[in-house]
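Data first, discussion second: the structure below is written as structure tokens.
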Amino acid sequence: MLKPLRRPWIWLGLWLLAIAVVIGTCLMPGADLPPMPRNIDKIEHALAFFVLAASAVQLFSPGRALLGAAAGLVLLGVGIEFAQAAFTADRSGDPMDALADTIGVLLGLATLATPWCDALLRMQSRSAVNSRT
């Protein structure tokens, strides 16, 4: 399920913390957020979910676990929009935000086809070699 990282549970915990930060930010009252140009939030949504999905590529082995994480992120994006509509007074759910989240997830998964797909493993391998010398 997880890639053979040193201390995989720490990395998984950091990823889950990042998810919690995204949820908290998305459900925060609009008055607590800085003013932004119209529709810039679509870029913010796509970027946040890109980072979450690209991080999942670093953590999870390709296959069911990674696809499950990606599907979970897409569902999270949709769920956040429903939660904004249902539980926040001054924010509304926007299907285009959910679409931006999904695009971000797809772009994050696309890092599988790049040399960066195992950057965390390589970084840990280098640090292990350097600490032995």
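Along its three principal axes, how long is segment 34-105 when you only count alpha carbons? Whole Å, largest extent first please.
Answer, in whole Å and largest first: 39, 24, 17 Å.
Using a basic spin-label model with each label point 7 Å from the Cα along Cα→Cβ, how many nm lie between SER125 and TRP9?
Rounded to a tenth, the inter-label distance reads 2.6 nm.
Residue by residue through segment 117-125, what is 3J(HN,Hα) from phi via Karplus (6.51 cos²θ - 1.76 cosθ + 1.60, θ = phi - 60°)? Round to whole Hz and write x for glycine and proline.
4, 10, 4, 5, 4, 5, 4, 5, 5
Can you give the helix-only mean residue ellipticity at 222 nm for the chain, where every DSSP H stretch with n ≥ 4 adds -39500 (n - 2.57) and the sum goes over all residues, rounded to the nearest 500 deg cm²/dmol? Let's see the in-between values first.
Values: 5 runs with 93 residues, N = 133.
When only DSSP H runs of four or more count, the value is -24000 deg cm²/dmol.
With a cut-off of 8 Å between alpha carbons and a minimum separation of six or more residues, what is the relative contact order of the chain in percent? Intermediate values should be presented prior to the final figure.
Working: 142 pairs, mean separation 46.7, N = 133.
Relative contact order comes out at 35 percent.
Using only the alpha-carbon atoms, what does the chain span along each of its principal axes? Please give whole angstrom values in decreasing order.
The Cα atoms of the chain stretch 56, 27, 24 Å along their principal axes.
Sequence-distant or interchain residues sharing an amide H contact under 5 Å with PHE60, placed H: which?
LYS3
Treat each spin label as a single point 7 Å out from the Cα along the C-beta direction, and report the THR114 to ALA31 distance in nm.
So the label points at THR114 and ALA31 sit 4.0 nm apart.
Residue-wise, which Karplus ³J(HN,Hα) couplings in Hz belong to segment 58-63, taking 6.51 cos²θ - 1.76 cosθ + 1.60, θ = phi - 60°, and x for glycine or proline?
Listing the rounded values in order: 5, 8, 9, 5, x, x Hz.
ALA89 to GLU44: extension gain in nm, 0.36 nm per residue of separation minus the Cα-Cα distance?
Values: separation 45, 0.36 × 45 = 16.20 nm, distance 2.10 nm.
Computed gain between ALA89 and GLU44 is 14.1 nm.
Treating each Cα of segment 74-133 as an identical point scatterer and ignoring solvent, apply the Debye formula and state log10 I(q)/I(0) at q = 0.20, 0.21, 0.28 Å⁻¹.
-0.76, -0.79, -1.03
FYI, it's all coordinate maths here, none of it is from the lab. Note that the structure is a prediction, hence the values are computed from the model and not measured. Reconstructed Cβ throughout: ideal geometry from the backbone, glycine too, with neighbour counts over all protein chains shown.
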